[in-house]
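The values are calculated or read from the model by the stated rules, or taken from the named source; none is laboratory data. Treat the numbers as computed from the prediction; the structure is a model and nothing was measured. Here Cβ is always computed from backbone atoms with ideal geometry, including for glycine, and neighbour counts include all displayed protein chains. Accessible surface areas use protein heavy atoms only, side chains included; no ligands, DNA or RNA. Shrake-Rupley method; radii C 1.70, N 1.55, O 1.52, S 1.80 Å.
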2 protein chains.
Amino acid sequence: MTVTIYDVAREANVSMATVSRVVNGSQNVKPSTRKKVLEVIERLEYRPNAVARGLASKKTTTVGVIIPDISNNIYAEAARGIEDIATMYRYNIILANSDQKEEKELSLLDTMLGKQVDGIVMMSDAVTPKLLQTMENSPVPIVLAGSIDESKKLPSVNIDYFQATYEAIKMLIDNGHKRIAFISGPLSYTINAKYKLEAYKKALQDAGLEVDEALIVAEDDSYDGGMEAWKELNEIENPPTAYFAGSDELAIGIIHAAQDHGIKVPEDIEVISFENSKLARMVRPQLTSVVLPLYEIGAVSMRLLTKFLNKEEVKDQNVILPYRIEKRDSVKVKSMKNK
Amino acid sequence: MTVTIYDVAREANVSMATVSRVVNGSQNVKPSTRKKVLEVIERLEYRPNAVARGLASKKTTTVGVIIPDISNNIYAEAARGIEDIATMYRYNIILANSDQKEEKELSLLDTMLGKQVDGIVMMSDAVTPKLLQTMENSPVPIVLAGSIDESKKLPSVNIDYFQATYEAIKMLIDNGHKRIAFISGPLSYTINAKYKLEAYKKALQDAGLEVDEALIVAEDDSYDGGMEAWKELNEIENPPTAYFAGSDELAIGIIHAAQDHGIKVPEDIEVISFENSKLARMVRPQLTSVVLPLYEIGAVSMRLLTKFLNKEEVKDQNVILPYRIEKRDSVKVKSMKNK
DNA sequence: TTGAAAGCGCTAACAT
DNA sequence: ATGTTAGCGCTTTCAA
């Protein structure tokens, strides 16, 4: 019932090897026989069986993608970048959500390797020792996208989270703020948040400002988390006048909570975000935000993976992408610097 | 180098068949030999090769998922629903973006079938005749998620777009509006938009209201598209006092465009949306919106697919899920009805 | 330029 | 309860 390479060979009066050659675009086929074979393929509607091919060639032209949660815009954006480049190099993608659970990440890694993927792109906010070890032992290359393995044993693509955050905090300090809050998702959760926090503290210290632990709050990385954080911070004695938010949703939550209480942004408080999703323009005031190039992180990760798959030379396996800060309306522009 | 079922068999002094049996959890294995085999598997770190298994068994336990664009929240949400249920039934997913291009959809279908997926979940806003035909000829089951094939030849999961829109427009009419705008993405593009438009017209007619083509505008289905639409509609002689938006982004664009011109929502104009993503709560005023249950559409589609894969009986292959309207602040609550 | 044949690693009868 | 064996549909030497 299903037509195989054997059927084509028989109908075309050639061997399976020849059919295989034309299907795979080998040059060593006489044009006339190629034409003949192609005709039979068309007539029989032959479709090569990739599974059989994978077994014989030990290549599946599919790569695994493990991300925390595809319904989260951050990861979806990166996934799109991964997929676009994968398509460009003729790979397909097996996509799975880990919900950032080590156990799931581990088992996903295992099933994907079982499925003989040619490589894996992994996004994980917590590259635990165990995870790292199993990834190191992987028979196929794995690249980390937007995820940091401090040992740098695995290839990765990131931006400089420390530097980016430092610059963001600096903007707030330059605008005269002394009480700057740091809001992020769960710290134990997000290794990147660790770098952000370090940068926050360093920037404060460099400016001779006190680091007040009461101003550091880790909520759910969500809109409601942002609202909660604002409320929490406005119950303390000396509330902050500026906020660094680890994501756009957090920032919008903070802004709305403030506005709901009659506080004006950026007149009364200023807010800077870290993400710059399309949401950043969909609030009033529009968000000033560190630009996290998710799509590029995904795309470059996949490109890096293809280099390993093609055995191309890789100069630096730990890529740092440039970032910038998009200045909009949630942080005032300093008039002095303007003139 | 890679350890195969044969290696395990040899080490455990049993046949390949026995190893296969314990790997696949067959009951016909003596506990003691099962234990012995399991130990060897562990010691050798044997991992079954799913590709070989797929070739031999003609089942890959992977399903294809074709969606327009994973970076679009609508589809990402649905994809999460699909993946969750797939995981529950031990399927993996090959995910690919079609960008809603027929050509890509067709070629994706082809490569996925080539990869021997066991089934496919397809999201397409335009099930063209050609597409429909190739899907009908698929050797494996295909279910349409949130996509309408008017012939009903293919299994599908949807809500009643007509009914939902009718009710939304009715709310606006009941609030006294005579000039109601209909904003959607490109009509030629979105078959669902067709139903929405029909419902819009019907609701107007049923209320004895004139259908003014000038009030029907199809922009990009985006925030900017919404802003554009508002501007366009406010250049005509008799601008609308209420808006039906085909998506949350569109609605927010409309609202912000209006607010930027000093117009108040819902005091001056009212807006109802169709989607209810998390964005709906992240604007002021919060969006009144028809709830499009994307996650459920994805989940139910995948569940439906598993029924075909398990040869379970399927009573109705065209599932219509319930919807509701979430009432928030972009539409006034009628005080008369309230009391 | 083409063909023959040996696998790839596993499942699934069929035997025993 | 366990073993034997014939494929699954293709790629890949190796020969010719």
With the first residue restricted to region A:178-197 and required to be over 19 Å from A:Y75 (Cα atoms) and among the aromatic types (F, W, Y), and the second required to be open to solvent by 50 Å² or more (accessible area, probe 1.4 Å) and modelled with pLDDT of 95 or more, Cβ contacts under 7 Å at 6 or more apart or on different chains are A:Y195/A:F162
What do you reckon, is A:R284 open to solvent by 40 Å² or more (accessible area, probe 1.4 Å) and within 12 Å of chain B (Cβ to nearest Cβ)?
yes
Within region B:213-235, can you find the residues that are surrounded by fewer than 16 Cβ atoms within 10 Å (Cβ to Cβ) and assigned to a loop (DSSP other than H, G, I, E, B)?
B:D220, B:N234, B:E235
A:V127 under 23 Å from B:R47 (Cβ atoms), at pLDDT below 95 and in a loop (DSSP other than H, G, I, E, B)
yes
Over region B:16-56, the set of residues among the small types (G, A, S) and under 25 Å from A:G54 (Cα atoms) is B:A17, B:S20, B:A50, B:A52, B:G54, B:A56
State all residues of region A:110-131 that are farther than 18 Å from A:F308 by Cα and within 11 Å of chain B (Cβ to nearest Cβ); if no residue qualifies, say none.
A:D110, A:T111, A:G114, A:K115
Starting from region B:1-13, keep only residues that are acidic (D, E), then list their pairs with residues that are more than 11 Å from DNA strand C (Cβ to nearest atom) whose Cβ atoms are within a distance under 6 Å, requiring at least 6 positions of separation or different chains.
B:E11/B:V40
So which pairs qualify, if the first residue must be in region B:76-102 and more than 9 Å from chain A (Cβ to nearest Cβ) and closer than 13 Å to B:T306 by Cα, the second must be assigned to a loop (DSSP other than H, G, I, E, B) and open to solvent by less than 30 Å² (accessible area, probe 1.4 Å), the Cβ gap must be under 8 Å, and the two must be at least 6 apart or on different chains?
B:Y91/B:D118
For region B:104-119, check the following and say yes or no: at least one residue is at pLDDT below 95 and surrounded by fewer than 16 Cβ atoms within 10 Å (Cβ to Cβ).
no
Can you tell me which residues in region A:8-24 are closer than 16 Å to A:R47 by Cβ and within 10 Å of DNA strand D (Cβ to nearest atom)?
A:V8, A:A9, A:M16, A:V19, A:S20, A:V22, A:V23, A:N24
Does region A:33-40 include one or more residues that are in contact with a Ser or Thr (Cβ under 6 Å, 6 or more places away or on another chain) and either buried (at least 21 other Cβ atoms within 10 Å of the Cβ) or not aromatic (F, W, Y) (or both)?
no
Take region B:81-114 and flag every residue that is in a helix (DSSP H, G or I) and within 15 Å of the chain's Cα centre (by Cα).
B:G81, B:I82, B:E83, B:D84, B:I85, B:A86
Sort through B:S184, B:S151 and tell me the only one that's of a type in the set (S, T, N, Q) and surrounded by 20 or more Cβ atoms within 10 Å (Cβ to Cβ).
B:S184
Looking only at region B:25-43, filter to residues that are closer than 26 Å to A:K58 by Cβ and away from chain A (no Cβ under 14 Å); which one of those is farthest from DNA strand D (Cβ to nearest atom)?
B:R43
Within region B:48-59, residues away from DNA strand D (no atom under 12 Å from the Cβ) and in contact (Cβ under 8 Å) with a residue 24 or more places away in the chain come out as B:P48
Against the definition (surrounded by 23 or more Cβ atoms within 10 Å (Cβ to Cβ), at pLDDT 95 or above, within 14 Å of another protein chain (Cβ to nearest Cβ) and not in a helix (DSSP H, G or I)), how does A:V140 come out, yes or no?
no
Inspect all residues belonging to region B:65-76 and state whether any of them is closer than 30 Å to B:Y223 by Cβ, in contact with a strand residue (DSSP E or B) (Cβ under 7 Å, 6 or more places away or on another chain) and surrounded by fewer than 20 Cβ atoms within 10 Å (Cβ to Cβ).
yes
Would you check which residues across region A:63-75 are within 7 Å of another protein chain (Cβ to nearest Cβ) and of a type in the set (V, I, T) and list them?
A:I70
Subset of region B:1-12, residues away from chain A (no Cβ under 14 Å) and either in contact with a helix residue (DSSP H, G or I) (Cβ under 8 Å, 6 or more places away or on another chain) or β-branched (V, I, T) (or both), comes to B:Y6, B:D7, B:V8, B:A9, B:E11, B:A12
Where in region B:239-339 are the strands (runs of 3 or more DSSP E), entirely inside, with at least 1 residues that are of a type in the set (D, E, K, R) and under 29 Å from B:V157 (Cβ atoms)?
B:270-275, B:324-326
Kindly indicate which of B:A168, B:A164 is under 17 Å from the mean Cα position of the chain (by Cα), within 25 Å of B:P68 (Cβ to Cβ) and part of a helix (DSSP H, G or I).
B:A164
Which of the numbered conditions does A:K152 fail, given that it passes all the others? Conditions: (1) on the phi > 0 side of the Ramachandran plot; (2) of a type in the set (K, R); (3) touching a residue at least 40 places away in the same chain (Cβ under 8 Å); (4) within 14 Å of chain B (Cβ to nearest Cβ).
(4)
